[in-house]
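Notes for the one structure printed next.
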Amino acid sequence: MGRNDRKRRTPLATKAIAASAALALGGGGLLWAQMNASAHESTSSGQNQTKAAAAAAQVATIACPDVGQQLTSVPQKARQGVATELANLDKQITEAYARLASTRQAQANDASFVQNAIVGPLKEKRAATIDRIRIDIQRVGGTVNATALKQLAACTTQNATNTTTAGRGGGKNNGGGKNNNGGQNNGGQNTAAPSASASASAAPPANNGGQAGNGPVAADFVDITKVANNVLAKPQNSGQASTGSFTTKCGVNANKNHNTDNVIVAPGVTNGAHHEHDYVGNQKVNAFSTNDSLLAAPSSCQNQSDLSSYYWPVVRVQDGSQEFDANADGGGKEGNVGKILTAAQAQIKYVGSPASKVVAMPQFLRIITGDAKTLTNGLANANAHWSCTGFEDKVQLTEQYPICPQGSQVVRTFAFQSCWDGVNIDSANHRTHVAFADPASGVCGNGFKAIPQLTMRLVYNITPPTLQADGTVKNAYAVDGFPEQLHKPSTDHDDFISVTKNNLAAKIANCVNSGKKCQ
(Lines give C-alpha, C1' and ligand atoms only; values in the text may rest on other atoms or scores of the structure.)
Protein backbone atom coordinates (compact mmCIF):
# COMPACT_ATOMS: atom_id res chain seq x y z
CA MET A 1 0.00 0.00 0.00
CA GLY A 2 2.94 2.29 -0.31
CA ARG A 3 3.34 3.06 3.36
CA ASN A 4 7.05 3.76 3.01
CA ASP A 5 6.77 6.18 0.10
CA ARG A 6 7.96 9.24 2.02
CA LYS A 7 8.26 12.83 0.95
CA ARG A 8 11.72 14.28 0.80
CA ARG A 9 12.47 16.54 3.74
CA THR A 10 13.05 20.20 3.14
CA PRO A 11 15.06 22.55 5.34
CA LEU A 12 11.79 23.81 6.78
CA ALA A 13 10.77 20.26 7.55
CA THR A 14 13.93 19.55 9.50
CA LYS A 15 13.06 22.40 11.84
CA ALA A 16 9.83 20.66 12.87
CA ILE A 17 9.10 20.45 16.53
CA ALA A 18 10.18 17.01 17.62
CA ALA A 19 7.37 16.61 20.08
CA SER A 20 4.74 16.87 17.35
CA ALA A 21 4.77 13.10 16.96
CA ALA A 22 3.63 12.70 20.52
CA LEU A 23 0.34 14.37 19.65
CA ALA A 24 -0.53 11.43 17.44
CA LEU A 25 -0.21 8.90 20.19
CA GLY A 26 -3.27 9.17 22.33
CA GLY A 27 -6.90 8.27 21.77
CA GLY A 28 -9.51 10.59 23.19
CA GLY A 29 -9.42 13.02 26.07
CA LEU A 30 -10.18 10.44 28.74
CA LEU A 31 -7.70 8.00 27.27
CA TRP A 32 -4.97 10.62 27.20
CA ALA A 33 -5.66 11.42 30.84
CA GLN A 34 -5.23 7.74 31.68
CA MET A 35 -2.02 7.53 29.70
CA ASN A 36 -0.62 10.69 31.25
CA ALA A 37 -1.42 9.39 34.73
CA SER A 38 0.11 5.98 34.10
CA ALA A 39 3.33 7.56 32.90
CA HIS A 40 3.74 9.22 36.28
CA GLU A 41 2.94 6.27 38.53
CA SER A 42 6.51 6.08 39.76
CA THR A 43 7.76 9.24 41.40
CA SER A 44 11.03 7.76 42.65
CA SER A 45 12.84 8.61 39.44
CA GLY A 46 12.31 9.94 35.98
CA GLN A 47 13.18 6.62 34.37
CA ASN A 48 9.62 5.40 34.06
CA GLN A 49 8.55 8.64 32.41
CA THR A 50 11.38 8.39 29.93
CA LYS A 51 10.60 4.74 29.18
CA ALA A 52 6.91 5.51 28.76
CA ALA A 53 7.66 8.38 26.38
CA ALA A 54 9.99 6.16 24.37
CA ALA A 55 7.35 3.46 24.15
CA ALA A 56 4.76 6.02 23.11
CA ALA A 57 7.04 7.22 20.34
CA GLN A 58 7.35 3.72 18.93
CA VAL A 59 3.72 2.89 18.21
CA ALA A 60 1.26 5.54 17.09
CA THR A 61 -1.67 3.56 15.74
CA ILE A 62 -2.98 0.22 14.54
CA ALA A 63 -3.26 -0.64 10.85
CA CYS A 64 -5.71 -3.34 9.80
CA PRO A 65 -6.66 -4.49 6.29
CA ASP A 66 -9.97 -2.98 5.19
CA VAL A 67 -12.03 -6.12 4.72
CA GLY A 68 -15.01 -4.28 3.27
CA GLN A 69 -13.02 -2.96 0.32
CA GLN A 70 -12.04 -6.52 -0.61
CA LEU A 71 -15.63 -7.77 -0.75
CA THR A 72 -16.61 -6.80 -4.27
CA SER A 73 -19.24 -9.54 -4.66
CA VAL A 74 -21.66 -10.23 -1.83
CA PRO A 75 -25.13 -11.68 -2.51
CA GLN A 76 -27.92 -9.26 -1.67
CA LYS A 77 -29.37 -11.62 0.93
CA ALA A 78 -26.05 -11.65 2.81
CA ARG A 79 -25.33 -7.91 2.74
CA GLN A 80 -27.07 -6.96 5.98
CA GLY A 81 -25.26 -9.67 7.93
CA VAL A 82 -21.94 -8.82 6.30
CA ALA A 83 -22.42 -5.10 7.00
CA THR A 84 -23.06 -5.87 10.67
CA GLU A 85 -19.88 -7.93 10.90
CA LEU A 86 -17.86 -5.24 9.11
CA ALA A 87 -19.11 -2.77 11.70
CA ASN A 88 -17.94 -5.21 14.39
CA LEU A 89 -14.46 -5.13 12.82
CA ASP A 90 -14.43 -1.33 13.06
CA LYS A 91 -15.52 -1.52 16.70
CA GLN A 92 -12.75 -4.01 17.47
CA ILE A 93 -10.13 -1.70 15.97
CA THR A 94 -11.50 1.23 17.96
CA GLU A 95 -11.30 -0.77 21.18
CA ALA A 96 -7.78 -1.97 20.40
CA TYR A 97 -6.66 1.58 19.64
CA ALA A 98 -8.13 2.75 22.94
CA ARG A 99 -6.14 0.06 24.73
CA LEU A 100 -3.02 1.07 22.84
CA ALA A 101 -3.45 4.66 23.97
CA SER A 102 -4.09 3.85 27.63
CA THR A 103 -1.25 1.36 28.26
CA ARG A 104 1.92 3.32 27.53
CA GLN A 105 3.49 2.45 30.86
CA ALA A 106 2.94 -1.26 30.28
CA GLN A 107 4.40 -0.90 26.79
CA ALA A 108 7.46 0.77 28.28
CA ASN A 109 7.95 -2.08 30.74
CA ASP A 110 7.40 -4.90 28.25
CA ALA A 111 8.56 -4.72 24.64
CA SER A 112 6.16 -7.52 23.69
CA PHE A 113 3.13 -5.98 25.35
CA VAL A 114 1.58 -4.48 22.21
CA GLN A 115 1.87 -7.75 20.30
CA ASN A 116 0.76 -10.02 23.13
CA ALA A 117 -1.93 -7.89 24.75
CA ILE A 118 -3.32 -5.85 21.84
CA VAL A 119 -2.42 -6.96 18.32
CA GLY A 120 -2.55 -10.71 19.01
CA PRO A 121 -5.99 -10.70 20.67
CA LEU A 122 -7.26 -8.34 17.98
CA LYS A 123 -6.25 -10.83 15.31
CA GLU A 124 -8.18 -13.58 17.08
CA LYS A 125 -11.33 -11.43 17.30
CA ARG A 126 -11.01 -10.40 13.67
CA ALA A 127 -10.49 -13.97 12.54
CA ALA A 128 -13.73 -15.05 14.20
CA THR A 129 -15.63 -12.11 12.74
CA ILE A 130 -14.19 -12.64 9.25
CA ASP A 131 -15.19 -16.30 9.43
CA ARG A 132 -18.76 -15.24 10.20
CA ILE A 133 -18.62 -13.08 7.07
CA ARG A 134 -17.55 -16.16 5.08
CA ILE A 135 -20.42 -18.15 6.55
CA ASP A 136 -22.94 -15.40 5.79
CA ILE A 137 -21.87 -15.31 2.15
CA GLN A 138 -21.70 -19.05 1.63
CA ARG A 139 -24.99 -19.68 3.43
CA VAL A 140 -26.91 -17.94 0.63
CA GLY A 141 -24.95 -19.56 -2.16
CA GLY A 142 -22.23 -16.98 -2.60
CA THR A 143 -18.60 -17.79 -3.20
CA VAL A 144 -15.61 -16.42 -1.35
CA ASN A 145 -11.89 -17.08 -1.30
CA ALA A 146 -11.74 -18.25 2.29
CA THR A 147 -7.94 -18.40 2.35
CA ALA A 148 -7.53 -14.83 1.11
CA LEU A 149 -10.22 -13.61 3.49
CA LYS A 150 -8.56 -15.30 6.44
CA GLN A 151 -5.30 -13.50 5.68
CA LEU A 152 -7.01 -10.16 6.38
CA ALA A 153 -7.27 -10.91 10.10
CA ALA A 154 -3.78 -9.83 11.10
CA CYS A 155 -3.09 -6.18 11.92
CA THR A 156 0.16 -4.31 12.27
CA THR A 157 1.26 -1.22 14.16
CA GLN A 158 2.49 2.04 12.70
CA ASN A 159 5.27 4.04 14.28
CA ALA A 160 5.17 7.71 15.11
CA THR A 161 7.93 8.26 12.56
CA ASN A 162 5.74 7.38 9.61
CA THR A 163 2.19 8.26 10.54
CA THR A 164 2.02 11.13 8.07
CA THR A 165 3.53 9.06 5.30
CA ALA A 166 1.90 5.75 6.16
CA GLY A 167 -0.47 4.46 3.56
CA ARG A 168 0.69 6.71 0.75
CA GLY A 169 -0.27 4.61 -2.18
CA GLY A 170 2.01 5.43 -5.05
CA GLY A 171 1.45 8.35 -7.33
CA LYS A 172 1.43 11.99 -6.41
CA ASN A 173 0.30 13.55 -3.19
CA ASN A 174 -0.96 16.71 -1.60
CA GLY A 175 -3.22 18.00 -4.28
CA GLY A 176 -6.57 18.38 -5.77
CA GLY A 177 -7.29 16.36 -8.90
CA LYS A 178 -7.64 12.63 -9.27
CA ASN A 179 -5.03 9.94 -8.68
CA ASN A 180 -7.10 6.85 -9.21
CA ASN A 181 -9.77 8.40 -7.02
CA GLY A 182 -7.29 10.57 -5.18
CA GLY A 183 -5.27 13.71 -5.60
CA GLN A 184 -2.63 15.24 -7.76
CA ASN A 185 0.43 16.59 -6.07
CA ASN A 186 1.85 20.03 -5.68
CA GLY A 187 4.86 19.43 -7.84
CA GLY A 188 6.75 17.65 -5.09
CA GLN A 189 6.56 20.61 -2.75
CA ASN A 190 6.78 19.75 0.89
CA THR A 191 6.31 22.98 2.71
CA ALA A 192 5.44 21.59 6.12
CA ALA A 193 7.30 19.22 8.32
CA PRO A 194 6.62 15.52 8.33
CA SER A 195 5.83 14.02 11.72
CA ALA A 196 8.96 14.21 13.74
CA SER A 197 10.89 11.03 14.13
CA ALA A 198 11.02 12.40 17.55
CA SER A 199 12.45 11.50 20.51
CA ALA A 200 9.03 12.28 22.05
CA SER A 201 10.95 13.18 25.12
CA ALA A 202 8.04 15.18 26.36
CA ALA A 203 4.42 14.15 26.43
CA PRO A 204 1.81 16.66 25.25
CA PRO A 205 1.06 19.13 28.03
CA ALA A 206 -2.21 18.73 29.88
CA ASN A 207 -3.53 22.06 28.60
CA ASN A 208 -3.06 21.60 24.89
CA GLY A 209 -6.04 23.46 23.54
CA GLY A 210 -8.37 20.51 23.75
CA GLN A 211 -6.48 18.14 21.47
CA ALA A 212 -7.47 14.56 22.17
CA GLY A 213 -4.02 13.13 21.63
CA ASN A 214 -4.74 11.39 18.33
CA GLY A 215 -4.01 14.28 16.01
CA PRO A 216 -3.83 16.43 14.12
CA VAL A 217 -0.13 17.20 14.44
CA ALA A 218 1.95 20.14 13.25
CA ALA A 219 2.83 18.30 10.04
CA ASP A 220 -0.83 18.13 9.11
CA PHE A 221 -0.99 21.90 8.51
CA VAL A 222 0.57 24.09 5.86
CA ASP A 223 0.58 27.80 5.08
CA ILE A 224 -1.29 27.81 1.79
CA THR A 225 0.63 30.84 0.56
CA LYS A 226 3.77 28.68 0.53
CA VAL A 227 2.35 25.82 -1.55
CA ALA A 228 3.06 25.69 -5.27
CA ASN A 229 0.12 25.88 -7.66
CA ASN A 230 -1.17 22.38 -8.38
CA VAL A 231 -4.61 22.62 -10.00
CA LEU A 232 -4.65 20.94 -13.39
CA ALA A 233 -6.67 22.07 -16.38
CA LYS A 234 -10.04 20.40 -16.87
CA PRO A 235 -10.77 18.31 -19.99
CA GLN A 236 -11.95 20.34 -22.95
CA ASN A 237 -15.61 20.02 -23.86
CA SER A 238 -16.49 17.90 -26.86
CA GLY A 239 -19.39 18.61 -29.18
CA GLN A 240 -21.55 16.29 -27.08
CA ALA A 241 -20.68 17.90 -23.75
CA SER A 242 -23.41 18.54 -21.19
CA THR A 243 -22.54 22.02 -19.96
CA GLY A 244 -25.45 22.97 -17.73
CA SER A 245 -25.74 22.87 -13.95
CA PHE A 246 -28.42 22.41 -11.32
CA THR A 247 -28.01 23.97 -7.86
CA THR A 248 -30.05 22.73 -4.93
CA LYS A 249 -30.15 24.91 -1.81
CA CYS A 250 -30.36 22.75 1.30
CA GLY A 251 -28.78 24.91 4.02
CA VAL A 252 -25.70 24.42 6.19
CA ASN A 253 -27.15 22.20 8.93
CA ALA A 254 -27.84 25.21 11.13
CA ASN A 255 -30.37 23.06 13.00
CA LYS A 256 -27.47 20.76 14.03
CA ASN A 257 -28.83 17.50 12.66
CA HIS A 258 -26.03 15.12 13.65
CA ASN A 259 -25.46 11.45 14.34
CA THR A 260 -22.60 8.95 14.25
CA ASP A 261 -24.37 6.39 12.06
CA ASN A 262 -23.74 5.57 8.42
CA VAL A 263 -26.72 3.90 6.81
CA ILE A 264 -24.80 3.18 3.59
CA VAL A 265 -21.93 1.17 5.05
CA ALA A 266 -23.41 0.08 8.39
CA PRO A 267 -27.20 -0.19 8.09
CA GLY A 268 -28.85 -1.15 11.35
CA VAL A 269 -25.73 -0.39 13.41
CA THR A 270 -25.74 2.50 15.86
CA ASN A 271 -22.47 4.49 15.79
CA GLY A 272 -21.40 2.68 12.64
CA ALA A 273 -19.35 5.69 11.54
CA HIS A 274 -17.53 6.30 14.86
CA HIS A 275 -17.67 10.04 14.09
CA GLU A 276 -20.31 12.79 13.77
CA HIS A 277 -21.92 13.71 10.47
CA ASP A 278 -23.60 16.90 9.32
CA TYR A 279 -26.85 16.18 7.47
CA VAL A 280 -28.61 18.42 4.98
CA GLY A 281 -31.40 17.52 2.62
CA ASN A 282 -33.26 14.54 4.04
CA GLN A 283 -33.84 15.14 7.75
CA LYS A 284 -34.60 11.60 8.95
CA VAL A 285 -31.41 9.71 8.16
CA ASN A 286 -29.94 7.27 10.64
CA ALA A 287 -28.71 3.69 10.77
CA PHE A 288 -32.26 2.36 10.50
CA SER A 289 -33.47 4.42 7.55
CA THR A 290 -35.07 2.58 4.65
CA ASN A 291 -35.92 3.70 1.15
CA ASP A 292 -39.56 4.08 2.25
CA SER A 293 -38.68 6.14 5.33
CA LEU A 294 -36.42 8.39 3.26
CA LEU A 295 -39.29 9.05 0.85
CA ALA A 296 -41.58 9.99 3.75
CA ALA A 297 -39.11 12.33 5.49
CA PRO A 298 -38.98 16.14 5.38
CA SER A 299 -36.15 17.92 3.58
CA SER A 300 -34.08 21.00 4.38
CA CYS A 301 -33.85 21.78 0.67
CA GLN A 302 -35.79 24.69 -0.79
CA ASN A 303 -36.92 22.37 -3.55
CA GLN A 304 -39.08 19.97 -1.55
CA SER A 305 -38.84 17.40 -4.34
CA ASP A 306 -35.20 16.94 -3.32
CA LEU A 307 -35.26 14.41 -0.49
CA SER A 308 -31.69 13.32 -1.13
CA SER A 309 -29.38 12.82 1.83
CA TYR A 310 -26.16 14.81 1.73
CA TYR A 311 -23.90 14.10 4.70
CA TRP A 312 -20.26 14.58 5.63
CA PRO A 313 -18.00 14.38 8.72
CA VAL A 314 -18.12 17.47 10.88
CA VAL A 315 -15.15 19.79 11.27
CA ARG A 316 -14.13 20.72 14.82
CA VAL A 317 -11.82 23.32 16.24
CA GLN A 318 -9.93 21.80 19.16
CA ASP A 319 -10.42 24.68 21.59
CA GLY A 320 -11.28 22.65 24.69
CA SER A 321 -15.02 23.11 24.22
CA GLN A 322 -17.22 20.40 25.72
CA GLU A 323 -19.61 19.60 22.89
CA PHE A 324 -22.85 17.67 23.43
CA ASP A 325 -20.98 14.46 22.51
CA ALA A 326 -17.91 15.07 24.68
CA ASN A 327 -18.50 11.83 26.60
CA ALA A 328 -20.31 9.91 23.89
CA ASP A 329 -19.49 7.25 21.33
CA GLY A 330 -18.34 8.83 18.11
CA GLY A 331 -17.40 12.00 19.98
CA GLY A 332 -14.99 12.50 22.85
CA LYS A 333 -14.90 8.81 23.73
CA GLU A 334 -13.34 8.18 20.33
CA GLY A 335 -11.03 11.19 20.11
CA ASN A 336 -13.35 13.55 18.23
CA VAL A 337 -13.20 16.60 20.48
CA GLY A 338 -13.77 20.32 20.44
CA LYS A 339 -16.36 22.69 19.04
CA ILE A 340 -18.29 21.46 16.02
CA LEU A 341 -18.21 24.12 13.32
CA THR A 342 -21.21 24.83 11.13
CA ALA A 343 -20.24 25.74 7.60
CA ALA A 344 -20.74 29.39 6.67
CA GLN A 345 -21.70 28.27 3.17
CA ALA A 346 -22.73 24.93 1.66
CA GLN A 347 -23.14 24.81 -2.11
CA ILE A 348 -24.54 21.65 -3.68
CA LYS A 349 -24.44 21.60 -7.45
CA TYR A 350 -24.88 18.97 -10.17
CA VAL A 351 -22.75 19.50 -13.28
CA GLY A 352 -22.39 17.75 -16.61
CA SER A 353 -19.80 15.75 -18.52
CA PRO A 354 -17.25 17.30 -20.89
CA ALA A 355 -17.56 14.24 -23.12
CA SER A 356 -21.26 13.37 -23.38
CA LYS A 357 -24.82 13.90 -22.34
CA VAL A 358 -25.86 12.44 -18.98
CA VAL A 359 -28.60 10.07 -17.90
CA ALA A 360 -30.73 10.71 -14.84
CA MET A 361 -29.55 9.32 -11.53
CA PRO A 362 -31.55 6.27 -10.47
CA GLN A 363 -33.73 6.53 -7.39
CA PHE A 364 -31.86 5.58 -4.17
CA LEU A 365 -28.42 5.61 -5.81
CA ARG A 366 -25.77 5.59 -3.08
CA ILE A 367 -22.31 7.10 -3.55
CA ILE A 368 -19.41 7.53 -1.13
CA THR A 369 -16.53 9.65 -2.32
CA GLY A 370 -13.15 9.65 -0.59
CA ASP A 371 -11.89 7.22 2.03
CA ALA A 372 -12.21 7.58 5.81
CA LYS A 373 -9.27 5.21 6.32
CA THR A 374 -6.50 6.55 4.10
CA LEU A 375 -3.90 6.39 6.86
CA THR A 376 -4.04 2.61 6.75
CA ASN A 377 -5.61 2.01 3.30
CA GLY A 378 -3.36 4.33 1.30
CA LEU A 379 -4.48 7.09 -1.03
CA ALA A 380 -5.98 5.06 -3.86
CA ASN A 381 -9.50 6.18 -2.97
CA ALA A 382 -8.61 9.51 -1.37
CA ASN A 383 -10.66 12.42 -2.68
CA ALA A 384 -10.06 15.13 -0.10
CA HIS A 385 -9.77 18.70 -1.34
CA TRP A 386 -8.80 21.45 1.10
CA SER A 387 -8.12 25.05 0.13
CA CYS A 388 -8.79 28.67 1.06
CA THR A 389 -11.00 31.28 -0.53
CA GLY A 390 -8.93 33.18 -3.04
CA PHE A 391 -6.72 30.12 -3.70
CA GLU A 392 -9.14 27.46 -4.95
CA ASP A 393 -8.19 27.85 -8.60
CA LYS A 394 -4.51 27.49 -7.72
CA VAL A 395 -4.09 25.13 -4.77
CA GLN A 396 -5.98 22.05 -3.60
CA LEU A 397 -4.60 19.93 -0.75
CA THR A 398 -5.18 16.28 0.03
CA GLU A 399 -2.75 15.48 2.83
CA GLN A 400 -2.62 18.75 4.76
CA TYR A 401 -5.07 21.23 6.24
CA PRO A 402 -4.56 24.77 4.96
CA ILE A 403 -3.60 27.69 7.15
CA CYS A 404 -5.36 30.54 5.39
CA PRO A 405 -4.19 34.17 5.38
CA GLN A 406 -6.17 36.91 7.06
CA GLY A 407 -9.52 37.47 5.39
CA SER A 408 -9.54 34.03 3.75
CA GLN A 409 -11.78 31.10 4.74
CA VAL A 410 -11.15 27.34 4.78
CA VAL A 411 -12.83 25.46 1.92
CA ARG A 412 -13.64 21.75 1.55
CA THR A 413 -14.76 20.61 -1.88
CA PHE A 414 -15.98 17.27 -3.17
CA ALA A 415 -16.52 16.06 -6.72
CA PHE A 416 -18.33 12.72 -6.70
CA GLN A 417 -17.96 9.85 -9.12
CA SER A 418 -19.85 10.71 -12.30
CA CYS A 419 -19.98 7.35 -14.08
CA TRP A 420 -22.58 4.68 -13.21
CA ASP A 421 -22.72 1.03 -14.24
CA GLY A 422 -26.32 1.50 -15.42
CA VAL A 423 -27.70 -1.27 -13.21
CA ASN A 424 -26.89 -1.12 -9.51
CA ILE A 425 -27.77 1.56 -6.96
CA ASP A 426 -25.06 0.24 -4.62
CA SER A 427 -22.34 -2.41 -4.54
CA ALA A 428 -20.89 -4.70 -1.90
CA ASN A 429 -17.94 -2.41 -1.21
CA HIS A 430 -19.97 0.73 -2.07
CA ARG A 431 -17.52 1.66 -4.84
CA THR A 432 -17.63 -0.60 -7.88
CA HIS A 433 -21.08 0.49 -9.16
CA VAL A 434 -19.75 4.01 -9.79
CA ALA A 435 -16.46 5.37 -11.07
CA PHE A 436 -14.63 8.55 -11.99
CA ALA A 437 -14.40 9.60 -15.62
CA ASP A 438 -11.02 9.60 -17.31
CA PRO A 439 -9.30 12.76 -15.99
CA ALA A 440 -7.86 13.67 -19.38
CA SER A 441 -10.91 13.15 -21.60
CA GLY A 442 -13.86 13.03 -19.21
CA VAL A 443 -15.03 9.78 -20.82
CA CYS A 444 -16.65 7.04 -18.74
CA GLY A 445 -14.97 3.66 -19.25
CA ASN A 446 -16.08 0.04 -19.01
CA GLY A 447 -19.48 0.72 -20.52
CA PHE A 448 -20.49 3.01 -17.65
CA LYS A 449 -22.96 5.83 -18.25
CA ALA A 450 -22.35 9.50 -17.44
CA ILE A 451 -24.64 10.87 -14.73
CA PRO A 452 -24.88 14.42 -13.36
CA GLN A 453 -21.79 14.91 -11.22
CA LEU A 454 -22.59 15.91 -7.67
CA THR A 455 -20.23 18.59 -6.36
CA MET A 456 -20.13 20.22 -2.94
CA ARG A 457 -18.31 23.26 -1.63
CA LEU A 458 -18.24 23.89 2.13
CA VAL A 459 -16.77 27.14 3.51
CA TYR A 460 -15.76 27.63 7.16
CA ASN A 461 -14.75 30.60 9.28
CA ILE A 462 -11.70 29.29 11.17
CA THR A 463 -9.11 31.24 13.10
CA PRO A 464 -5.77 30.22 11.52
CA PRO A 465 -3.94 27.56 13.58
CA THR A 466 -0.50 28.38 14.94
CA LEU A 467 2.29 25.93 15.73
CA GLN A 468 3.56 26.15 19.30
CA ALA A 469 7.08 25.63 20.61
CA ASP A 470 5.96 22.64 22.69
CA GLY A 471 4.73 20.75 19.63
CA THR A 472 1.04 21.47 19.99
CA VAL A 473 -1.12 23.27 17.46
CA LYS A 474 -3.07 26.20 18.86
CA ASN A 475 -6.55 26.42 17.36
CA ALA A 476 -6.06 23.13 15.55
CA TYR A 477 -9.02 22.06 13.46
CA ALA A 478 -9.71 18.67 11.97
CA VAL A 479 -12.32 16.57 10.28
CA ASP A 480 -13.96 13.90 12.45
CA GLY A 481 -12.83 10.36 11.78
CA PHE A 482 -12.10 6.87 13.06
CA PRO A 483 -9.78 7.27 16.08
CA GLU A 484 -6.94 5.16 14.70
CA GLN A 485 -6.80 7.35 11.56
CA LEU A 486 -5.33 10.20 13.63
CA HIS A 487 -7.51 12.90 12.06
CA LYS A 488 -5.47 13.03 8.86
CA PRO A 489 -6.77 15.53 6.27
CA SER A 490 -6.77 12.85 3.57
CA THR A 491 -9.50 10.92 5.42
CA ASP A 492 -12.12 13.50 4.46
CA HIS A 493 -15.06 11.96 2.62
CA ASP A 494 -18.66 12.61 1.66
CA ASP A 495 -21.84 10.51 1.38
CA PHE A 496 -24.93 10.77 -0.77
CA ILE A 497 -28.24 8.97 -1.29
CA SER A 498 -30.31 10.16 -4.25
CA VAL A 499 -33.98 10.47 -3.27
CA THR A 500 -36.28 12.60 -5.43
CA LYS A 501 -39.97 13.17 -6.15
CA ASN A 502 -41.95 14.71 -8.99
CA ASN A 503 -39.50 13.61 -11.68
CA LEU A 504 -36.74 15.81 -10.25
CA ALA A 505 -33.92 13.43 -11.28
CA ALA A 506 -34.96 13.74 -14.92
CA LYS A 507 -35.27 17.52 -14.59
CA ILE A 508 -31.71 17.73 -13.25
CA ALA A 509 -30.38 15.64 -16.15
CA ASN A 510 -32.35 17.66 -18.72
CA CYS A 511 -31.06 20.93 -17.28
CA VAL A 512 -27.47 19.72 -17.36
CA ASN A 513 -27.85 18.39 -20.92
CA SER A 514 -29.45 21.61 -22.20
CA GLY A 515 -26.61 23.83 -21.00
CA LYS A 516 -28.86 25.82 -18.68
CA LYS A 517 -28.13 26.96 -15.13
CA CYS A 518 -31.06 25.84 -13.03
CA GLN A 519 -32.07 25.64 -9.40
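Placing R0 at 30 angstrom, the Cβ-Cβ distance between residue 159 and residue 322 gives a FRET efficiency of 0.40 after rounding to 0.05. Restriction of the trypsin sites (Lys or Arg not before Pro) in region 429-511 to DSSP coil positions whose beta-carbon has at most 14 other beta-carbons within 10 angstrom yields 501.
Heavy atoms of the protein chains alone define the surface here; on that basis region 255-335 has 35 Å² accessible area per residue at 1.4 Å probe size. Among the chymotrypsin sites (Phe, Trp or Tyr not before Pro) in region 230-310, those located in a DSSP loop and surrounded by at most 16 other Cβ atoms within 10 Å of their own Cβ are 288.
Residues whose amide H falls under 5 Å from that of residue 401, counting only those 5 or more places apart or on a different chain, are 221, 222, with hydrogens built in the peptide plane. For region 316-401, the set of chymotrypsin sites (Phe, Trp or Tyr not before Pro) satisfying both a DSSP loop assignment and a count of at most 16 other C-beta atoms within 10 Å is given as 324, 364. Computed in the context of the full set of protein chains, the accessible area of region 270-329 at 1.4 Å probe radius has 48% of its extent on carbon or sulfur.
In region 302-385, Cα pairs under 8 Å separated by at least six residues give a relative contact order of 19 percent. For region 339-436, the extents of the C-alpha atoms along the principal axes are 48, 34, 28 Å, listed from largest to smallest.
Using a probe of 1.4 Å on the protein chains alone, the accessible area found for residue 329 is around 80 Å².
The values are calculated or read from the model by the stated rules, or taken from the named source; none is laboratory data. Computed from a prediction, not measured in an experiment: that's the story for all the values here. Quick reminder, even Gly has a Cβ in these numbers, built from the backbone with ideal geometry, and neighbours come from all protein chains shown. Keep in mind that these areas ignore ligands, DNA and RNA; they rest on the heavy atoms of the full protein, side chains included. Shrake-Rupley method; radii C 1.70, N 1.55, O 1.52, S 1.80 Å.
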